[in-house]
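Q: Below is a structure I'd like to ask you about.
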């Protein structure tokens, strides 16, 4: 039994536009969605810029009751799920609910709602013994963000295994990897898989300020996220969600589904080094890449595009460049690689899934999204980072990689649907 | 390589016993860890009892390097200590194994919540510059997995799962999959602790907590007097190894034990609350048994989720009756002596079930004197019950609709 | 806020703040002559130093320069960078 996993639907809620089309339009044109924070008054913070979603939950079909119940991360995930359901056609395919699973990545869960609630019950930080008289009836759902997976399961009528995978900034990639395992082993035929995070709230902005991980380039928000550029000085915080319909290949073929790509391989390793730091050698990420290639039976030389973690911190850029060279060898120099975080920022546990969605779209359109704001390449980063302008290229296999706080290093390999059918 | 995952090490922190031996002795003697909250002043809240681990029973400074204390919440300190104990119990020094062949998958419900409250308080009360540099990871859900990996040099596949109480089983199911895929050793299980005011009101907001003031009467799962549950803190960290590797290790003279095999696992998710479709706990149990290749009749004991509120107790009892028949299998609910520990509770139930398999005895459900007749279950109450035990089923339900089931078997 | 002339931060003060904000490696003796021992040898990483610098900023009401602090690899360099700001701020205020 050799069950293969394919992508049959995509939903994306990313900064700069709602839905897959607007997302692709933004990243393929090299425009950026980074701007001054509007979610709250960020005066007094070190980094006051973010990539925010102009997202109207009601316009995406959520009811007022759902909006009251859901944290923003759940709203974004639900909207992305509904888009993915629509374009995959699985809702009409009559699939038994217990053969559908959910695997959703999120690094910080329902942090916006938790913080709003805290401000109220603590009287803006005056009371340690917070007041239970003012709590929302939904507080427990924010407290344990398994509720995010619950919302996706309800939106998709799923009764198979459901989980939130919370591996810091590799959550999105790891949730997809987990989903693929569930399908390969035969537990389910379909998984609604992806990631969501809505972290633009005072506590999260402040905690990244404290470690100077985010950029303080407040005077030039559109050009603030500069992966691989000599002048980069931190990432731009973002929000967003992407949900992919992963499906067993024969199952998809039998129902006549449109197959967008094969989810060919996944690998993950830990650096066991530091909760936030990276070594320069990229050893663990290289191993994750090697595992993903091996599982997908894809030779390093077949990789036509690398979607980088490219967060815009110096240590990442060097770590990741080393990892790609270590795993792809000489071929690394001929492989275009870009970071869409230059345009849509870094949405923590969501971005891995958003980036895999970008990879699927890049293969569909034979067009590789660029790294925006790359004008002065860092001499220490000596690969081809597709500066500023998208590049037309037909690719047969792509690699998407990510690093997360906690030491997580993950890699996903996707291939063209023609390869699956052959 | 067999691809089978067996448990060789346990590290336990429970309200009624810190350390495997202390906990197991307390359970068999019926000693409860339910007590008035001391971590903060609970007098202003309707529920004032919890399964709190006393400060003198777990003093973090005795177990965790001083460099790690400022950057860790209590939950992570517990997880790090329990990991050390689990490795010692398994007689494994992680330095002896290739780093990529060892991973960590733990579950978590709310992260380092007390740490998080302190930083929210700093931010809202004093200003953003008062937020700690450690806040970026000390509170988040992956913190235990990350810190365990770093402290022990585990560079294999790692993950953190969030499915509330079900998480303790889901982490073990995830780890078993990693072993099947070729990883030699996984540190797994779960630890939870959110006994701070901010965590407390989140628990209370469900309306599911008991407000009875008597520790002996407050949390009585399956009882006619069931009136809600009490949260607690703690859990269990387990060392899982590939069975063939353990055999080789023992053949070379290692003095370890095999507590049991994780023989089956499954998870399901309930339909929405307003649906007329049935809940899916029974299916989770059936799928886990099928995964283990076991018939219901082979199950010698079930460790129940034991929610402690009448409707949820009845839903679980119904699933048990449908699967095993009226009073068809002994049911254990040791949670009655600890409270519900979030994802840590399910991991602790697995540790408890393994100890039951080892000693061929089922612990009693603490202060519960009898299951309500209408439940039709054979709840073990009063005193430990000796029995021939080969196969145990552990059930867990997470808030919102998560159901997980795990089958344990004694070593062949 | 009017303040008296600020005393410079001493090595002893710094050790106190380090212990509070980042703990203390069991293998290291912080009471010895550590002024020129790299922080990495004392068991402190960049995160520990960020936390320490944050605490110094709050306790003394000063703003430290990111790059100057990042370059301060020993207690002596750390103190120099802090005291330039601390004593400069104090004399300006006076």
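The values are calculated or read from the model by the stated rules, or taken from the named source; none is laboratory data. Quick caveat: nothing in here was measured; it's all calculated off a predicted structure. FYI the Cβ positions are ideal-geometry reconstructions off the backbone, even for glycines, and counts take in every protein chain you see.
Q: If a residue must be closer than 16 Å to residue C:11 by Cβ, within 10 Å of the chain's Cα centre (by Cα) and without any contact (Cβ under 8 Å) to a residue 40 or more places away in the chain, how many such residues does the range C:56-73 contain?
A: So the count comes out to 1.
Q: Being under 26 Å from residue C:26 (Cα atoms) and either within 18 Å of the chain's Cα centre (by Cα) or in a helix (DSSP H, G or I) (or both) narrows it down to one residue among B:85, B:24; which is it?
A: Just a single option satisfies the conditions, and that option is B:85.
Q: Let me ask something additional. When the residues of the range A:157-187 are narrowed to those that are more than 20 Å from the chain's Cα centre (by Cα) and buried (at least 24 other Cβ atoms within 10 Å of the Cβ), which ends up farthest from the other protein chains (Cβ to nearest Cβ)?
A: A:183
Q: A follow-up question, please. Output the residues belonging to the range A:387-422 that are more than 20 Å from residue A:28 (Cβ to Cβ) and surrounded by fewer than 19 Cβ atoms within 10 Å (Cβ to Cβ).
A: A:418, A:419, A:420, A:421, A:422
Q: In addition: Anything in the range B:1-21 that is without any contact (Cβ under 8 Å) to a residue 60 or more places away in the chain and not in a strand (DSSP E or B)? List them, or say none.
A: Within the range B:1-21, just B:21 meets the criteria.
Q: Considering each of A:375, A:319 in turn, give the residue that is over 23 Å from residue A:10 (Cα atoms), surrounded by fewer than 17 Cβ atoms within 10 Å (Cβ to Cβ) and touching a residue at least 60 places away in the same chain (Cβ under 8 Å).
A: On inspection, the qualifying residue turns out to be A:375.
Q: Kindly indicate the residue of the range A:137-146 that is part of a loop (DSSP other than H, G, I, E, B) and at the interface with chain B (Cβ under 7 Å from one of its Cβ atoms) and also surrounded by the fewest Cβ atoms within 10 Å (Cβ to Cβ) among those meeting that condition.
A: A:137
Q: Checking the condition within 14 Å of another protein chain (Cβ to nearest Cβ), in contact with a helix residue (DSSP H, G or I) (Cβ under 9 Å, 6 or more places away or on another chain) and farther than 24 Å from residue B:103 by Cα, which residue from A:403, A:311, A:347, A:410 passes?
A: Result: A:311 is the single residue among A:403, A:311, A:347, A:410 that is within 14 Å of another protein chain (Cβ to nearest Cβ), in contact with a helix residue (DSSP H, G or I) (Cβ under 9 Å, 6 or more places away or on another chain) and farther than 24 Å from residue B:103 by Cα.
Q: Related question: Which members of the range B:49-76 meet the condition of being outside any loop (DSSP other than H, G, I, E, B), in contact with a helix residue (DSSP H, G or I) (Cβ under 6 Å, 6 or more places away or on another chain) and within 12 Å of chain C (Cβ to nearest Cβ)?
A: B:60, the sole residue that qualifies.
Q: Tell me whether the range B:159-172 contains one or more residues that are at pLDDT 95 or above, more than 19 Å from residue B:346 (Cα to Cα) and within 11 Å of another protein chain (Cβ to nearest Cβ).
A: For the range B:159-172, residues at pLDDT 95 or above, more than 19 Å from residue B:346 (Cα to Cα) and within 11 Å of another protein chain (Cβ to nearest Cβ): absent.
Q: Can you name the residue in the range B:131-142 that is within 7 Å of chain A (Cβ to nearest Cβ) and over 25 Å from residue B:262 (Cα atoms) and, of all such residues, is surrounded by the most Cβ atoms within 10 Å (Cβ to Cβ)?
A: Among residues in the range B:131-142 that are within 7 Å of chain A (Cβ to nearest Cβ) and over 25 Å from residue B:262 (Cα atoms), the one surrounded by the most Cβ atoms within 10 Å (Cβ to Cβ) is B:140.
Residue-by-condition table, conditions (1) under 21 Å from the mean Cα position of the chain (by Cα); (2) away from every other protein chain (no Cβ under 14 Å); (3) surrounded by fewer than 24 Cβ atoms within 10 Å (Cβ to Cβ):
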site	(1), (2), (3)
B:190	yes, no, no
B:206	yes, no, yes
B:210	yes, yes, yes
B:217	no, yes, yes
B:220	yes, yes, no
B:224	no, yes, yes
B:229	yes, no, no
B:232	yes, yes, no
B:240	yes, yes, no
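Q: Considering only residues that are modelled with pLDDT under 95 and more than 17 Å from the chain's Cα centre (by Cα), which ones fall in the range A:1-35?
A: Answer for the range A:1-35, where residues must be modelled with pLDDT under 95 and more than 17 Å from the chain's Cα centre (by Cα): A:1, A:2.
Q: From the list B:398, B:382, which one is surrounded by 24 or more Cβ atoms within 10 Å (Cβ to Cβ) and over 19 Å from residue B:298 (Cα atoms)?
A: From the options B:398, B:382, the qualifying one is B:398.
Q: Related question: Among the listed residues A:342, A:410, identify the single one that is at pLDDT 95 or above, under 28 Å from residue A:75 (Cβ atoms) and assigned to a strand (DSSP E or B).
A: Going through A:342, A:410 in turn, the sole match is A:410.
Q: Could I ask something else about it? Could you grab me the full set of residues in the range A:279-309 that are over 26 Å from residue A:84 (Cα atoms), part of a loop (DSSP other than H, G, I, E, B) and in contact with a strand residue (DSSP E or B) (Cβ under 6 Å, 6 or more places away or on another chain)?
A: Answer for the range A:279-309, where residues must be over 26 Å from residue A:84 (Cα atoms), part of a loop (DSSP other than H, G, I, E, B) and in contact with a strand residue (DSSP E or B) (Cβ under 6 Å, 6 or more places away or on another chain): just A:298.
Q: So, one more: Tell me, please, whether a residue that is within 14 Å of another protein chain (Cβ to nearest Cβ) and either at pLDDT 95 or above or not in a helix (DSSP H, G or I) (or both) can be found in the range B:297-304.
A: No, that holds for no residue.
Q: Among the residues of the range B:364-386, which ones are within 26 Å of residue B:6 (Cα to Cα) and in contact with a strand residue (DSSP E or B) (Cβ under 6 Å, 6 or more places away or on another chain)?
A: Answer for the range B:364-386, where residues must be within 26 Å of residue B:6 (Cα to Cα) and in contact with a strand residue (DSSP E or B) (Cβ under 6 Å, 6 or more places away or on another chain): B:384, B:385, B:386.
Q: Taking the range A:98-136 on its own, how many of its residues are more than 7 Å from every other protein chain (Cβ to nearest Cβ), within 30 Å of residue A:254 (Cβ to Cβ) and in a helix (DSSP H, G or I)?
A: So the count comes out to 1.
Q: Based on what the data block shows, is residue A:242 closer than 30 Å to residue A:151 by Cα, more than 8 Å from every other protein chain (Cβ to nearest Cβ), touching a residue at least 60 places away in the same chain (Cβ under 8 Å) and surrounded by 21 or more Cβ atoms within 10 Å (Cβ to Cβ)?
A: yes
Q: Anything in the range B:350-366 that is under 21 Å from residue B:327 (Cβ atoms) and at pLDDT 95 or above? List them, or say none.
A: B:353, B:356, B:360, B:361, B:362, B:363, B:364, B:365
Q: Follow-up question, since we're still on this one. Could you please find all residues in the range A:262-278 being over 10 Å from residue B:157 (Cβ atoms), in contact (Cβ under 8 Å) with a residue 40 or more places away in the chain and either within 12 Å of chain B (Cβ to nearest Cβ) or not in a loop (DSSP other than H, G, I, E, B) (or both)?
A: A:262, A:263, A:264, A:265, A:271, A:272, A:273, A:274, A:275, A:276
Q: Can I ask one more? Test residue B:151 against the criterion of being facing another protein chain (nearest Cβ under 8 Å) and surrounded by fewer than 24 Cβ atoms within 10 Å (Cβ to Cβ), and give yes or no.
A: no
Q: In the range B:30-43, which residues are outside any loop (DSSP other than H, G, I, E, B) and surrounded by 15 or more Cβ atoms within 10 Å (Cβ to Cβ)?
A: B:35, B:42
Q: Moving on. Would you mention how many residues in the range C:21-34 are over 14 Å from residue C:57 (Cα atoms) and surrounded by 14 or more Cβ atoms within 10 Å (Cβ to Cβ)?
A: 7
Q: Please state which of the following conditions residue B:99 fails to meet, knowing it meets all the rest: (1) farther than 13 Å from residue B:138 by Cα; (2) under 19 Å from the mean Cα position of the chain (by Cα); (3) crowded, with 19+ Cβ neighbours inside 10 Å.
A: Of the numbered conditions (1) farther than 13 Å from residue B:138 by Cα; (2) under 19 Å from the mean Cα position of the chain (by Cα); (3) crowded, with 19+ Cβ neighbours inside 10 Å, the odd one out for residue B:99 is (2).
Q: Moving on to the next point. Out of B:93, B:89, B:41, report the one residue that is out of contact with any strand residue (DSSP E or B) (no Cβ under 9 Å at 6 or more places or on another chain), modelled with pLDDT of 95 or more and closer than 30 Å to residue B:243 by Cβ.
A: Exactly one of B:93, B:89, B:41 is out of contact with any strand residue (DSSP E or B) (no Cβ under 9 Å at 6 or more places or on another chain), modelled with pLDDT of 95 or more and closer than 30 Å to residue B:243 by Cβ, namely B:93.
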